[in-house]
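Report on one structure; see the data block that follows.
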Amino acid sequence: MSRQIAAIGGTMSKVFGEGIYSAYRQNGILHVRATGLKPTAQTRVTIEELPFLIFPPQLGLFFETDGITNPIVLPFDVEKAFPNYPSSTKVVSIVDKNGVHAIDIVEQPATVPSLLVSDPAAAEFVVYQQIGTDHYLIAKSEDLVLAIYHKVFGPDTYASCQAYVAAHARPIIPSVEVVPGTFAAWINRQPGIDQGPKFIATVEAIVEIDWNVTLISAVPQGFNPLIKLLRFEVQLPVGSRHSTALVRRTFRYEEAPPQHPYNDAMIENGPGSITMPVREVV
């Protein structure tokens, strides 16, 4: 992993820093705090989400210096909120110049009163969905709700509203960091011990060492039968504590005989995908 980010015009230095970390979750929002010493008075200290396809996302502590500096070592204390960080995670990984740090997330009491259900059988609750997202909110029918939400269900009982959210909220699908240039797909028609042609796809990816990852056929397949859809099936370890060590692995999928004369293969990976033409090997 590179610890130096190229400067624009050669005047800005942005590198991994180092610090002492703590994290807490309140009202569903993750807050991460870093304290320590920065090398100059002009150094800007930031906590940022790293642009890697890893679940849960990793954060990084950066020191950024621009222009003329005064080399005086000064203390820093920064905190940043991450509203969309997965609520199911109990540990957040922070990368700095010394490596990866697994920080326990402390659950803090909510700062607003929780929803009071005086009569669970009363049809007085409504489900709202945030516009353009998969975020849901349950509120009493007479409560004021921000305009970024629109009503999708109710009024009904609180239990019915919970059931609606459970049925319509999409689960978070972990994604893995695919190594660029390693995805290959072909139909093997060479004579040999195998009877008939075989579709084969291989790809290399960087995953946490205790993830159980398999490359499988996606269900359902797409509308174009000539594009084979694959996806990573990721089983995360049980419990809040697990290794954050990363390992590079090769994943392979085989289909004999091919269900269709595929022209392309696509791997669905979290919110994104990668596509590769299918070769013929004869």
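Charge tally for Gly222 (other residues, Cβ to Cβ under 10 Å; Lys, Arg +1; Asp, Glu -1): 0. Listed peptides 246-252, 146-152, 225-231 appear in the order 225-231, 246-252, 146-152 once ranked by packing, highest mean of other Cβ atoms within 10 Å at the front. What is the sum of charges, Lys and Arg at +1 and Asp and Glu at -1, for the other residues whose Cβ falls under 13 Å from the Cβ of Glu204? The answer is +2. Consider the candidate values [x] 32, 27, 16; [y] 27, 22, 20; [z] 39, 34, 16; state which one is semi-axes √(5λ) of the Cα gyration tensor in Å computed from the structure displayed. Recomputing semi-axes √(5λ) of the Cα gyration tensor in Å here gives the entry labelled [z]. In sequence order, segment 275-280 has phi-based couplings of 10, 9, x, 8, 8, 9 Hz under the Karplus curve 6.51 cos²θ - 1.76 cosθ + 1.60, θ = phi - 60°, and Gly or Pro positions carry x. Taking only DSSP H segments of four or more residues, each worth -39500 (n - 2.57), what value at 222 nm results for the chain once the sum is divided by all its residues, to the nearest 500 deg cm²/dmol? Helices in the chain give a 222 nm mean residue ellipticity of -1000 deg cm²/dmol. Each of Trp186, Trp211 has its accessible area taken with a 1.4 Å probe; listed largest first, they run Trp186, Trp211. Under the criterion of Cα pairs below 8 Å and six or more residues apart, the relative contact order for the chain equals 14 percent. Carbon-plus-sulfur accessible fraction, the chain (probe radius 1.4 Å, protein heavy atoms only): 57%. Within a straight-line Cα-Cα reach of under 29 Å, Lys38 can be paired with the following lysines, leaving aside sequence neighbours fewer than 8 residues apart in one chain: Lys14, Lys80, Lys90, Lys97.
Net charge in the neighbourhood of Gly36 (other residues with Cβ under 10 Å of its Cβ; Lys, Arg +1, Asp, Glu -1) is -2. Packing, taken as the mean count of other beta carbons within 10 Å per residue, orders the peptides 82-92, 29-39 from highest to lowest as 29-39, 82-92. How large is the accessible surface per residue of the chain, computed with a 1.4 Å probe and reported in Å² as a whole number? On a per-residue basis, the chain sits at 58 Å². Note on Lys151: lysines with a C-alpha under 16 Å away, same-chain residues under 8 apart excluded, are Lys140.
The values are calculated or read from the model by the stated rules, or taken from the named source; none is laboratory data. Source: prediction; values computed, not measured. Don't worry about glycine lacking a Cβ; one is built from the backbone with ideal geometry, like all the others, and counts go over all protein chains shown. SASA here: full protein model, heavy atoms, side chains in, ligands and nucleic acids out. Shrake-Rupley method; radii C 1.70, N 1.55, O 1.52, S 1.80 Å.
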